[in-house]
1. Do me a favour and compute the ellipsoid semi-axes for region 195-281 from its Cα gyration tensor, root of five times each eigenvalue, largest one first, whole Å.
2. Do any GluC sites (Glu not before Pro) in region 174-256 lie in a loop, going by DSSP, with at most 16 other beta-carbon atoms within 10 Å of their beta carbon, and if so which?
3. For residue 3, enumerate residues with amide H under 5 Å from its amide H, sequence gap 5+ or separate chain, H modeled in the peptide plane.
4. Which lysines, if any, have their Cα less than 16 Å from the Cα of residue 67, not counting same-chain residues under 8 positions apart?
5. Got a sec? Which residues in region 211-231 would a label at residue 201 touch, if it sits 7 Å along Cα→Cβ and we count backbone N under 17 Å?
6. How are the C-alpha pair distances of the chain spread across 10 Å bins, as whole percents from the shortest bin up?
7. Tell me the mean residue ellipticity at 222 nm calculated for the chain from its helices only (DSSP H runs of n ≥ 4, each -39500 (n - 2.57), averaged over every residue, nearest 500).
8. Calculated FRET efficiency, residue 161 and residue 16, Cβ-Cβ r, R0 41 Å, to nearest 0.05?
Amino acid sequence: MIIVPEREIAGLVTAADCFAAVEKVFASMAKKSASNFPVVREAIGHADAIYGVKSGIDRVGPALGLKAGGFWPNNAGKGLMNHQSTIMLFDADTGQCRAVVGANLVTALRTAAASAISIKYLSRSDSKVLGMIGAGHQSMFQLRAALQQRAFVKVVGWNITPEALGRLEAVANEHGLPFEPVDLDTLSKEADVIVTITSSFAPILKAAQVRPGTHLACMGTDTKGKQEVESQLVADATVFTDEIGQAVTIGEAQHAIKEGLIEAADLTEIGAVINGDQPGRIRPDEITLFDGTGVALQDLAVATAAVDLAIARGVAVEVDL
Ligand code: NAD
């Protein structure tokens, strides 16, 4: 069995590797050659932690495995990241454990790849201003990946605590772009593409604020009860997602579904757009919304790439199980 330690991931997989791996697995999901299994997500009654298991199979790869971990809110005081997770890959022919992969950076990279894919396929090609809502750990990865997809000339950002926006300003400036902290009205008036990446449980962005032609990548809502945008905005938009089953239960669409504003049949899997089986954006004035809930297969795809690269570069740790 192989271990790929967390410390090696940054030197192994690039954002481009992650984009390619996630794009391919989204396409496999839409062709039904890859499936995610039901998500386990529970408050464990210890350390205020939320623990979850996401698993799936890509029969084409093949890649079989799981990601386990979650959110430990008191970790910061111990010098650790609050989000902690580990991936296990199994041999799909024998069930033997093939690899254990540190998955903290993998999670950030595969989540950023998903929203970047949505920007590639759904945003207007003439998009110039990128709006960021949220300035936590994931936001920097989201911003870096989004900037690769369009010729953006400016980044505008909002966070509930504006002092956190400095980290986004630094990333924008690294890419030679100006950054402006703004209120939500200004952000939605200026931005052609908006990425939301917060842990909010109440709508931040209202339907009336969003201009025709905007693309939204809503990435923060990955749990029952979380919400980043008003349900009416989801109802007004053409909605795409990584997986419909997750979007209607733990994604941004859960609220519009519960309120009877939309049905599951109104959602399109982004993989079908990648495959060319469904159109993406049809009109320049359409509002498109990607509901990125985060699926196991994204993790398995990136972890598989990391294992292959670790073996090729001699940094995989081999152990007997
Ligand atoms: P973080 O704790 O580092 O940052 C949280 C962000 O949310 C901060 O910007 C914070 O100011 C903001 N926030 C918190 N409460 C808010 C509120 N009530 N209203 C508005 N903003 C609020 O977390 P992170 O690692 O950056 O993750 C952000 C979110 O993304 C989390 O909800 C996480 O579960 C989710 N996530 C989703 C995926 C996916 O695949 N979709 C993957 C990883 C993380």
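1. Working: eigenvalues 74, 44, 30 Å².
Value: 19, 15, 12 Å, ordered largest first.
2. none
3. Long-range HN contacts for residue 3: 100, 317, 318, 319.
4. By straight Cα distance, residue 67 reaches 54.
5. 220-229
6. Distribution as computed: 6, 28, 36, 23, 6, 1 percent.
7. On the way: 11 runs with 110 residues, N = 321.
For the chain, the value works out to -10000 deg cm²/dmol.
8. Numbers: r = 32 Å, r/R0 = 0.78.
FRET efficiency, residue 161 to residue 16: 0.80.
Quick note: the coordinates plus some simple rules give every number you see, no bench work behind them. Please read these numbers as outputs of a predicted model, since none were measured by experiment. Here the Cβ is made from the backbone with ideal geometry for all residues, glycine too, and neighbour counts use every protein chain on show.
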